[in-house]
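This report concerns only the one structure given below.
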Amino acid sequence: MTSSTALKKKLIESDKSQKNEDITTQRKLTLLILDDEQDIISSLTRLLRKDYHLVSFTDGFQGLEYLQNNHVDMLMSDMRMPNIDGAEFLRQAKEISPTSVRLLLTGYSDIESTVKAVNEGGIYAYLSKPWDNDELKLILAKAAEYYLLTQEKIELSKRLEEANNELVLLNESLEVKVVKRTEALQLSKQKLITNLAAQKHLLHDILDMMSATIEYRTGFSSSHIKRIATFCRALALILNFDEAASQKIYLCALLHEIGAVGLSDELLANKDINSTHLDESMQTHPVIGAEIVGRIKRFSTLTANIRHQNENVDGTGLPDHLNQNNIPMGARIIRVVKDFDYIVAGKSNKKRMSLDNAEIWMLERAGIWYDSKVLNEFLVLIKKHDNSHGLETGYFSGIERLRPGDMLLEDLVLQNGNIMLRAGQEISENMLEKLRQYEEEYNTKVTIFTS
C-alpha cells in the first residue's frame, strides 16, 4: 500500500471514529451545576439528569477544584453565591477550562453583575430565575450544540494540520510519486477545509451572545458601545431616574444595536446604521433588536426603548411615528447620545463635525428630532466633565478643547485605520499642532476621549 493511500485511509477511519465519538458525546455531555441552595440543585437534577451527566456543588471553590482535575463540557452557575459570586466563578472557570460552555442563572436585580459576567466570564447565555423548564432545556440544548460544533472545529483544524505535516514529509521523501500522492492529500485537505468552512458558518448562526454579536456583526468596538451606554446611564441619573431605572437604560443602550444581526450583508457593507439620515431599509434594525431582546421574559420591559430609538419628537420618526412623551424616555436618551457620538466620532462618518458645530446642529433639531430637555442636559454633561456619574469611558474632546497635559483614554485611530496616538499618552503642544495640521490637510475633525 502506497503512503498516500495509507494516509487517505487513515483520514477516513479518523473521520468515522470522530463521528461515532460525537454521537456518544451528544447523548450525554457533562454539566456542572453550581448553586448554594440544595433545593435548586435537586430541582435541576430532576429536570436534566436524563439528558446530561451531572455534577453539582454548593460551594464555588469546590467547583473550581473539581475543574482542575476533571473535564467538564458545560457549566451553569448561580450569580449570588457566598464567598465567590457567579461572575467571579465563571471568570476563573474560563481560565481553567476555556473550552467549556458557561451559562449563568441570575435575577433582574443582578444586572450589573450579569454584565460583568458577560464581559469577563465569557458566558454563552444567561437565564432568569425563576426559570421556565422548557426554555431552560432549549437553551442548554443550544449550548450543547454550540459546544459540539466548537469541538468539531478544533478537531478539524487539528486534523488539517496533521494532514499538512504529513504532506510535507511526503514531499521531502518522494520524488517520482510526488504528484499523485500530493493530489490525494490535496483532495483530503480540500474536504477538511470545506467541512471547516461549513461548520464555521453554522457556528456563526448560533452565536447569539448579545454584546459579542453586536461587535462581530457591526465592527464597532466594545469601547464605542460601552461609551454610549455609560453616557446614557449618567444622563438618566441627571434626569432623576433612580439607580435601577438608570441601569435599565444602560442595558438598553448596550443592546441598542443588536438588531443589526438581522440586516443583510449588503446593507451593512454599504450603509451606516448610526447615520442620522436613515432610510427605511436601515430603520428595521431597532424593531429586530426589540424582538430579539423580547424573547427573554425578564427583559421584556427593555424592548420599547430599543424599538423606538429612532422616533422623532415631532412624530416623523420610525417605526411607529410616536411623538413627545409617547416616546419612552430611555429611547429619547439613547437617540441623543448615539447621534452626537456619530456626528463627532462615527467610525464611518466622513463628515465629522467639531463639538461646537455638532452642538449647534443638534440644537437646531431640538423639539423636532430630539427631546429638548434631554439634549440640553446632555450638552451640559459633556462640558462639565463631572466624574460623579462614573463616566470611566471619558469625555469628548475636540482640538479646540484639548490642553497640554490631558490624558488619552482611547487610541486615536485615523480614517485609514492607522493609530496616530495611543491610549495613556499625555497631550503635548507638539501633538496638538500635528492634530491641527491633520484636520486642515484632510478637511476633517478629530474627537479624542480624555479623562
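Nothing in this text is a laboratory measurement; each read-out follows from the coordinates by a stated rule. Because the structure is a prediction, the values reported are computed rather than measured. All Cβ positions, even for glycine, are placed from backbone atoms using ideal geometry, and neighbour counts span all protein chains on display.
Below is a table of values for the structure above.
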{"read-out": "Linear extension gain, VAL380 paired with LYS137, 0.36 nm per residue minus alpha-carbon span", "value": "82.6 nm"}
{"read-out": "Using a Förster distance of 56 Å, the FRET efficiency for ILE368-GLN425 (Cβ separation, nearest 0.05)", "value": "0.90"}
{"read-out": "In nm, spacing of pseudo-spin labels at ASP51 and ARG295 (7 Å Cα→C-beta vector)", "value": "1.5"}
{"read-out": "Cα convex hull of region 37-89, projected area averaged across orientations, nm²", "value": "3.7"}
{"read-out": "Protection-proxy order for peptides 29-35, 187-193, each taking the mean of Cβ atoms within 10 Å per residue, highest first", "value": "29-35, 187-193"}
{"read-out": "FRET efficiency, 1/(1 + (r/R0)^6) with R0 51 Å, evaluated for LYS177 and GLU440 via beta carbons", "value": "0.15"}
